[in-house]
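This report concerns only the one structure given below.
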Amino acid sequence: MFTNRFEESLDFFVDVYGLTESGRDADSVYLRAFDDYEFHSLKLTRSKTTGVGHVAYRTSSKAALDRRVAAIEAMGCGIGWTEGDMGHGPAYRFRDPDGHVFELYWETVVFEPPSGEAPAIKNIAQRYHGRGACPRRLDHVNLLAVDVRAIKAFMVEALGSRVTEEILLDNGRLGGCWFTVNNKGYDIAYAEEHTGTPGRFHHVTYVTDQREDVLRAADIFLENGIHIETGPHKHAIQQTFFLYVYEPAGNRVEIANAGARLILRPDWPTITWTEAERKKGQAWGLKTIESFHTHGTPPIENAGGHHSGDER
């Protein structure tokens with residue numbers, strides 16, 4: 001994640017949101033939630049702008065990595081290999097149809113808790129520190145795309161993703177699509193980009209153990225002057241209990257609880273929501289706030305002369 005307010009963003013993610021620093025280099029700090037098993041799940045990078053640099057997936061094996069690379073190269077969207085990052089080994093880079101950069105890797109650095117951070121229960125990655133909102137783990141990323149239908153075909157072919165839910169607009173376009181490569185309801189989602197600008201970021205989400213943790217987080221954000229965009233409330237799509245905020249640089253961040261919901265049915269049919277159904281709002285009637293459809297990062301100058309993505 002890029003930020004042009006590096007120190008403020010770092011303070012937010014560590015002291016308010018409750019992530020832990022694993023390491024740093026000249027331009028980036030590597031962060032993780034207390035039960036993320038890898039060295040990091042969020043790389044916060046100093047930049048002149050905001051948004052996302054790349055999204056990375058760990059494959060299930062070296063053989064799986066080779067299969068995915070072969071499929072992606074056959075599609076003609078590959079960028080090539082990198083030497084890796086502080087938290088993982090060699091990674092293969094490619095682009096989705098909207099221009100977002102992805103990485104696939106197998107070799108990883110498993111987090112080893114330093115002195116004083118070892119958990120009392122040894123099947124947790126790190127002790128529960130209770131600092132800030134203190135989510136348990138990374139859950140998903142949401143990206144904006146000009147053509148969600150093209151993304152749908154791409155994610156199925158490139159990553160072997162399943163499409164769990166989607167929004168079909170009256171004009172025939174897809175307004176959103178939710179994908180999974182495991183038994184979660186989704187690990188990545190795409191929403192339609194209304195400005196026509198490719199490659200933008202919508203939000204990143206970490207999850208808590210229970211809904212009450214999200215309510216506690218709302219008070220923590222309030223007391224620390226963090227802009228709450230919408231929630232707490234329950235989504236109809238995927239049934240996630242949600243709360244969205246803007247971190248100091250303007251990137252949207254969600255803290256959520258999905259309950260015990262998993263996609264265990266191997267022949268799960270894609271659930272399609274109509275435009276009329278979505279206009280009813282969220283599960284308990286909350287109307288979707290306008291900025292949820294217009295705010296993305298990096299910000300752009302829209303036709304009305306305002307910035308889309310700078311509503312801090």
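Laboratory data are not the source of any read-out in this text; all were calculated from the coordinates shown. Computed from a prediction, not measured in an experiment: that's the story for all the values here. Please note: Cβ atoms are built from the backbone with ideal geometry, for glycine as well, and neighbour counts cover all protein chains shown.
Listed values, structure above:
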read-out	value
Within the chain, longest stretch clear of exposed GluC sites (Glu not before Pro) (DSSP loop, no more than 10 other Cβ within 10 Å)	84-289
Three semi-axes of the equivalent ellipsoid, the chain, Cα gyration tensor, whole Å, largest first	27, 25, 21
Pairwise centroid distance, computed over Cα atoms, of the stretch 100-143 with the stretch 17-80, Å	13
Coil-residue trypsin sites (Lys or Arg not before Pro) of the stretch 42-104, DSSP, other Cβ within 10 Å capped at 11	LYS48
Cα-derived Rg over Rh, computed across the stretch 164-229 with Rh taken as Kirkwood radius	1.06
Long-range Cα-Cα pairs in the stretch 116-232 (distance over 25 Å), rounded percent	41
